[in-house]
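**Student:** Below you'll find the structure I mean.
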Amino acid sequence: MNRFFYRFFTTVTIIYSLTEANAQIKRNETFRSQYQLKKVVVLSRHNIRSPLSGPESALGRITPHQWFAWTSAPGELSLRGGVLETEMGQFFRKWLVSEGLMQENELPAEGNTRQAVIYDMQGRRLNNIPQRPGIYIKDRQKVILK
């Protein structure tokens, strides 16, 4: 009985999702002539990052399962996460161009509420203002701390 309900609800969910997605993708000319997209807000998670806790942590010691060996440092974007982040950016750029909100080679405008994000030369996002001398990237500009 449970198997039947699981399959039924899964099928209904998939059909509903496809119908909704199709309704969002295919807008007719009447719709386009009456409405114009003016602004877009994209809320995004950080994609695939390695966990902050590792096998040697308290969390790692209490589980009987073996941990996956991450190729990135704790909390850093994984290689796959970087690929997915790039694909997502390319998707949104193409979509914004198709909706007329950007030109083909235009740099996106920076909002006035955006926080200054600082990266080290390995591409890692820093949580705090760097204290050590070095080369950093802030607002797409190279910054040298002496």
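The values are calculated or read from the model by the stated rules, or taken from the named source; none is laboratory data. Quick caveat: nothing in here was measured; it's all calculated off a predicted structure. Here Cβ is always computed from backbone atoms with ideal geometry, including for glycine, and neighbour counts include all displayed protein chains.
**Student:** Find the residue count for segment 44-67, including only residues that are over 15 Å from GLY82 (Cα atoms) and either of a type in the set (Gly, Ala, Ser) or not assigned by TED's automatic domain parsing to the domain that holds THR86 (or both).
**Tutor:** So the answer is 5.
**Student:** Would you check which residues across segment 69-80 are part of a loop (DSSP other than H, G, I, E, B) and either surrounded by 10 or more Cβ atoms within 10 Å (Cβ to Cβ) or in contact with a helix residue (DSSP H, G or I) (Cβ under 9 Å, 6 or more places away or on another chain) (or both) and list them?
**Tutor:** Taking segment 69-80 and keeping what is part of a loop (DSSP other than H, G, I, E, B), we get 69-76, 78.
Scanning segment 69-80 gives TRP70, THR71, SER72, ALA73, PRO74, GLY75, GLU76, SER78.
**Student:** Residues being surrounded by 10 or more Cβ atoms within 10 Å (Cβ to Cβ) and part of a helix (DSSP H, G or I): count how many of those fall in segment 56-68.
**Tutor:** Going through segment 56-68 one residue at a time, the tally reaches 2.
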